[in-house]
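Asks: Dropping a structure here in structure tokens format, bear with me for questions.
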Amino acid sequence: MACTGKCSRWSPRWLLLLMVACGLLLPPRAAASAVCETATEMDSSVRAGLESTARRYFDLAAKGDSAGLRQASIPAVANDFGGIEAAVSDNKDNFASAQVSVRPPYLLDASDNQAPLQRAEFFCGIYNSPDRVGFVIPNLPAGMYGFVTLDLATAKGPYMVSMVLQQQANAWKLAGYYVRQASFAGRDAQWFWDKAREFKARNQLRNAYYYYIEARQLLVPVDFMGTPQLDKLYDETQQVVPKDLPVDGPLDVAMGGRSYKLTQVFPVPAGQDLDLIVKYQVNDAGNTAQSYQGNIALIKAFVGKYPEFRDGFNAIVARAVDASGREYGSLLAMKDIK
């Protein structure tokens, strides 16, 4: 799904990054109609309907009622419900006693189009306002949509639950459900942002880059949303993008006396720790004994080549991946990497 805003001409740089990453920079074509209304612009009854529907659907999720949530979904979502069902199951105990507040919703109007929008862009709010928001959603069917984010205070810390709702007849149906933590180990996005700046000042640019990435994960409720704050974060991130690690695709990296084809490197919270995942290509990940030995060798070579990661992460996780998609992972705590 996608969003664009009326009376706005700003082009958030983080959305541009998303469009490049998702292959959304397409050749020029006829303009499509996509209009965003903020909570203060939309009819009060529409706002009330979006907010009450989001609360009702969250109540189903908090009770673990996947069947009820699936029944309330549009057909395309109901027919491919596995991801939402897993998110409901994973979080139901934590969400059951959560304190909930609803952010002002957005109304995304793409109803004037005859066909799905290859790149639906919604720019919401007043031009150059610090409160403006943008959405970019690929392959959005024509229709009227709402976007609502709920902030949760839970025993495990703050969370954000966002929903895309599609109007069908006189009802708002679930068209997207997203869960994201708003802090990790008691540390919020600003903490990771500040830490990234510290790493940058110490010339540990790789650590800085991955801490900027973690800051973004904790700051924005969905990846297809952009804000002026994210623009600033994006600008700082671009200053430290590593050239010797896979960012835009697989990369051959020489370390430990051999060459590895690294496919992805990214941070991931694990309990109270922040680990770094390193994915690389192998011929056969199904050979577990060989994959384990290869993983341990890669971890040691990786930290040997990039010793700064000892200051930024608690462990390295190597994941051997073969052409069939099979994976085999091994973790080594930083204190055990000699």
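Asks: Given the rule -39500 (n - 2.57) for each run of at least 4 DSSP H residues, summed and divided by the residues of the chain, what is its mean residue ellipticity at 222 nm, to the nearest 500 deg cm²/dmol?
Replies: One gets -10000 deg cm²/dmol as the mean residue ellipticity at 222 nm.
Asks: Taking springs between alpha-carbon atoms closer than 10 angstrom, which of 37, 85, 121 fluctuates most in the Gaussian network model of the chain?
Replies: In the Gaussian network model the winner is 85.
Asks: While we're on this one: Would you mind ranking 326, 47, 70 by Cβ crowding within 10 Å, fewest neighbours first?
Replies: 326, 70, 47
Asks: For segment 190-238, what is the relative contact order in percent, using Cα pairs closer than 8 Å and at least 6 residues apart in sequence?
Replies: Computed value for segment 190-238: 33 percent relative contact order.
Asks: Once you charge only the Cβ atoms, +1 for Lys and Arg and -1 for Asp and Glu, what is the size of the charge dipole of segment 188-279 about its Cα centre, to the nearest 20 debye?
Replies: The calculation lands at about 320 debye.
Asks: Strictly over 28 Å apart at the Cα level, which of 92/279; 156/195; 63/173; 63/195; 261/335; 232/338 would you flag in this model?
Replies: Violating the 28 Å limit, Cα to Cα: 92/279; 63/195; 232/338.
Asks: Turning to a different aspect of this structure: Would you order 195, 261, 338 from fewest to most other beta-carbon atoms within 10 Å of each residue's own beta-carbon?
Replies: So the ranking, lowest neighbour count to highest, is 338, 261, 195.
Asks: For segment 329-338, in order, what is each residue's ³J(HN,Hα) by Karplus, 6.51 cos²θ - 1.76 cosθ + 1.60 with θ = phi - 60°, in whole Hz (x at glycine and Pro)?
Replies: Result, ordered by residue: x, 9, 10, 9, 5, 4, 5, 9, 8, 9 Hz.
Asks: Taking only the C-alpha atoms, wrap a convex hull around the chain and report its volume per residue in Å³ as a whole number.
Replies: Given the Cα convex hull of the chain, per-residue volume reads 158 Å³.
Asks: Which order do 284, 248 fall in if you start with the one that has the fewest other Cβ atoms within 10 Å?
Replies: So the ranking, lowest neighbour count to highest, is 248, 284.
No value in this document is a laboratory result; all are computed from the given coordinates. It should be emphasised that the depicted structure is a prediction, and the values quoted were computed from it without experimental measurement. So basically every Cβ, Gly included, is an ideal-geometry build from the backbone, and we count neighbours across all protein chains shown.
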